[in-house]
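Below is one structure; the comments refer to it alone.
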Amino acid sequence: MRFPAENLSDIERIFLIRMGLTKASVYDGSGMRRSDAQAAAKKVGAILISGASPCKAEGHRLRTRKGHCAQCNIIAVDKLKRYYSSGYVYIAFSGELNSCKVGSTTDLKERLKRLRGSSYGGVADWVIYNAINVDSAALIEGQLHLKLDGFKASGEYYFDGQDFRYPRELYNISPSEAWIFLLDLAQDSA
Ligand SMILES: [Zn+2]
């Protein structure tokens, strides 16, 4: 069986444990063409491929779905893991700005507290208009930002506790319209 992968070495198993992953994140791509293995892994939602051609540096045979050596590129693995882990994609609304903010989180309550506490975009009247729990929260959030690109709004710098930041996730769109965009994306990915 190619998924979940059964052909893992002890070192690879330990690597997975260290990364907080299980073999359910790994597709067995041994003997397959790289592009075929990548497509098959994507289909089942695996972020790693085992039995790949050895990496040049250390001879590792675990690759990310994007083709990086997993064991040499912990950051890439972490990024994929975050991208494809479940969470909420939310639409927040400020009446004062008449704008939406979209984002993803695993903790809506905490996120709302932070939006208000940091005065995201220069205002503190944020409410969560709606949110949906999805398998790949950061991925869907990224797709939503692309969809909403034409609605981008400007806002004031805010302090996130460490730095002053520009609010890059503000949109001049009604929350109900933004929500329809989000539902479409969530449906496509289901
Ligand atoms: Zn390597």
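The values are calculated or read from the model by the stated rules, or taken from the named source; none is laboratory data. Source: prediction; values computed, not measured. Ideal geometry is used to build each Cβ from the backbone, glycine not excepted, and the neighbour counts take in all protein chains shown.
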| Just checking, which of R18, R33 is within 23 Å of S86 (Cβ to Cβ) and among the basic types (K, R)? | R18
| task | Check R63 against each of (1) more than 12 Å from the ligand (Cβ to nearest atom); (2) buried (at least 22 other Cβ atoms within 10 Å of the Cβ) and name the one condition it does not meet. | result | (1)
| request: Mind listing whichever residues of the range 86-125 are crowded, with 16+ Cβ neighbours inside 10 Å and in a loop (DSSP other than H, G, I, E, B)? | output: L97, S118, S119, V123
| query | Is there a residue being touching a helix residue (DSSP H, G or I) at 6+ places or on another chain (Cβ under 9 Å), within 20 Å of K81 (Cα to Cα) and outside any strand (DSSP E or B) anywhere in the range 149-172? | reply | no
| Which residue pairs have Cβ atoms closer than 7 Å, lie 6 or more positions apart in sequence or on different chains, and pair a first residue in the range 62-75 that is farther than 18 Å from D10 by Cβ with a second residue that is β-branched (V, I, T)? | R63/I49; T64/I47; T64/V77; R65/I47; R65/I49; N73/T64
| said: Here's a check for you: in the range 66-81, which residue that is within 9 Å of the ligand (Cβ to nearest atom) and either outside the structural domain of M32 (by TED's automatic domain parsing) or closer than 15 Å to V26 by Cα (or both) is surrounded by the most Cβ atoms within 10 Å (Cβ to Cβ)? | reply: A70
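Does G51 satisfy the criteria of being within 15 Å of the ligand (Cβ to nearest atom), at positive phi, touching a residue at least 40 places away in the same chain (Cβ under 8 Å) and more than 15 Å from the chain's Cα centre (by Cα)?
On the way: within 15 Å of the ligand (Cβ to nearest atom): yes; at positive phi: yes; touching a residue at least 40 places away in the same chain (Cβ under 8 Å): yes; more than 15 Å from the chain's Cα centre (by Cα): yes.
The answer is yes for G51.
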| Subset of the range 1-37 (residues that are of a type outside the set (A, V, I, L, M, F, W, C), surrounded by 13 or more Cβ atoms within 10 Å (Cβ to Cβ) and within 19 Å of I75 (Cβ to Cβ)) | E12, S25
| message | Being within 16 Å of the ligand (Cβ to nearest atom) and touching a Pro at 6+ places or on another chain (Cβ under 8 Å): is that true of V26 here? | response | yes
